[in-house]
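Enquirer: Pasting in a structure now, in structure tokens, and then I'll have a few things to ask.
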Amino acid sequence: MIETTYLTLRSHPFLTGLSDRQLDRLSMWGYTTMFHRDSRLFAEGGRADRFWLVDDGHVRLSTNVPGRGEVVVETLGPGSVIGWSWLFPPYRWQFTGTAEDVVHAVALDGPGVRELCAADPALGYELMRRFTGVIAERLSHTRARLLAVEPAGEPAAIEPEPAS
């Protein structure tokens, strides 16, 4: 069975609770896509003009750390949202995203979704609230990962914090 973009959006955890009307309007800016293993979704510093809702597969987020090279900060799987840089000028990717395996996702056009949010403030607020949570979580994971990386670029063993 071929699933429409609307039905894929409706079943994605990131969009749970949006109204049918909001999902319908959002689906007009989306399309299903697939990436093969090791395909690059986006490159750090490149133009950010979309985001993805992952249905299946895994995407590795990495960043180039001076003196350490490329460091993987997180790997995201089904149910994840990939990309938030399309929300904020100058619309440049903060990380590099690479498919770990075959990835099936819905891609959504950033400028179109920004336009939709401006026209529908309730949807705009709800998406911004959800993306703010994603951003906070990504920054927390990135900080923890970068602090755990040895100078040679390999993750350090993270010692558990002592119980109080």
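The values are calculated or read from the model by the stated rules, or taken from the named source; none is laboratory data. This is a predicted model, so every value here is computed, not measured. When we count neighbours, we look across all protein chains shown, and the Cβ atoms used for this are built from the backbone with ideal geometry, even at glycine.
Enquirer: Suppose the filter is hydrophobic (A, V, I, L, M, F, W, C), farther than 14 Å from TRP84 by Cα and modelled with pLDDT under 55; does ALA156 pass it?
Expert: yes
Enquirer: Which of (1) loosely packed, with under 12 Cβ neighbours inside 10 Å; (2) at pLDDT 95 or above; (3) within 19 Å of PHE14 (Cα to Cα) is the odd one out, the single condition ALA119 does not satisfy?
Expert: (3)
Enquirer: Continuing with the same structure: Of the residues ARG50, ARG68, only one is touching a strand residue (DSSP E or B) at 6+ places or on another chain (Cβ under 8 Å), among the basic types (Lys, Arg) and modelled with pLDDT of 95 or more; which?
Expert: ARG50
Enquirer: Just one of PRO111, PRO89 is in a loop (DSSP other than H, G, I, E, B) and either under 13 Å from ARG50 (Cα atoms) or at pLDDT 95 or above (or both); which is it?
Expert: PRO89
Enquirer: Let me spell it out: the conditions are (1) without any contact (Cβ under 8 Å) to a residue 12 or more places away in the chain; (2) charged (D, E, K, R); (3) closer than 19 Å to GLN22 by Cα, and ARG130 meets all of them except one. Which number is the exception?
Expert: Against the list (1) without any contact (Cβ under 8 Å) to a residue 12 or more places away in the chain; (2) charged (D, E, K, R); (3) closer than 19 Å to GLN22 by Cα, ARG130 comes up short only on (1).
Enquirer: Applying the selection to the stretch 58-72, what residues are surrounded by fewer than 21 Cβ atoms within 10 Å (Cβ to Cβ) and hydrophobic (A, V, I, L, M, F, W, C)?
Expert: Those that are surrounded by fewer than 21 Cβ atoms within 10 Å (Cβ to Cβ) and hydrophobic (A, V, I, L, M, F, W, C): VAL65, VAL71, VAL72.
Enquirer: Something else: Among the strands (runs of 3 or more DSSP E) lying completely within the stretch 1-85, list those that include at least 2 residues that are in contact (Cβ under 8 Å) with a residue 40 or more places away in the chain and under 20 Å from GLY133 (Cβ atoms).
Expert: 50-56, 59-65, 69-76
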